[in-house]
């Protein structure tokens, strides 16, 4: 059973995901990929990383994120291409829930304090420079004070830029 899964099902699923992702990419850039200069190492690296992530992306949402980033990288100038390559590496480390938390912070003007899993996601996003602690409990990160206050996070310019590349 495992042999069939590894030998037949896995490549088929990856091919289907990749095909869907490349269609999204072509729709996003509005031209055939043949019009992109893939002899440039940075451009090729963006496409190569994108193909790798598209083949492993489970959800339509994730494939759309990757397609948005790769499309931006393929048509960008060199400094922006480096930024896209960095964001692709970050995206590979984040889950869709992490992106949802980041989008919430982009759209929220309120300071909201969280506990548990959301707080862990915010800390992860802060470790990538996408969020920043705007108010911290004096007793340490995530430890509530007697008045119940916890750490508060806000989105950074890098976080806004990252979401901009994802289409937000």
All positions within the stretch 113-145 that are at pLDDT 75 or above and assigned to a loop (DSSP other than H, G, I, E, B): 128, 129, 130
Among (1) modelled with pLDDT of 90 or more; (2) surrounded by fewer than 13 Cβ atoms within 10 Å (Cβ to Cβ); (3) under 25 Å from residue 120 (Cβ atoms), the one test that residue 60 misses: (3)
Residue 55 being at pLDDT 90 or above and either closer than 19 Å to residue 130 by Cβ or surrounded by 15 or more Cβ atoms within 10 Å (Cβ to Cβ) (or both): no
Residue in the stretch 45-61 that is in contact with a strand residue (DSSP E or B) (Cβ under 7 Å, 6 or more places away or on another chain) and without any contact (Cβ under 8 Å) to a residue 60 or more places away in the chain present: no
Unmet criterion (only one of (1) at pLDDT 85 or above; (2) more than 20 Å from residue 164 (Cα to Cα)) for residue 15: (1)
Test: residue in the stretch 156-164 that is outside any helix (DSSP H, G or I), at pLDDT 95 or above and over 14 Å from the mean Cα position of the chain (by Cα): yes
Tabulated pairs, the stretch 149-168, first within 22 Å of residue 24 (Cα to Cα), second surrounded by fewer than 20 Cβ atoms within 10 Å (Cβ to Cβ), C-beta under 6 angstrom, 6+ apart or interchain: 163/106; 168/103
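The values are calculated or read from the model by the stated rules, or taken from the named source; none is laboratory data. The structure presented is a predicted model; accordingly, all values stated were derived computationally and were not measured. Positions of Cβ are backbone-derived with ideal geometry, glycine not excepted, and every protein chain shown enters the neighbour counts.
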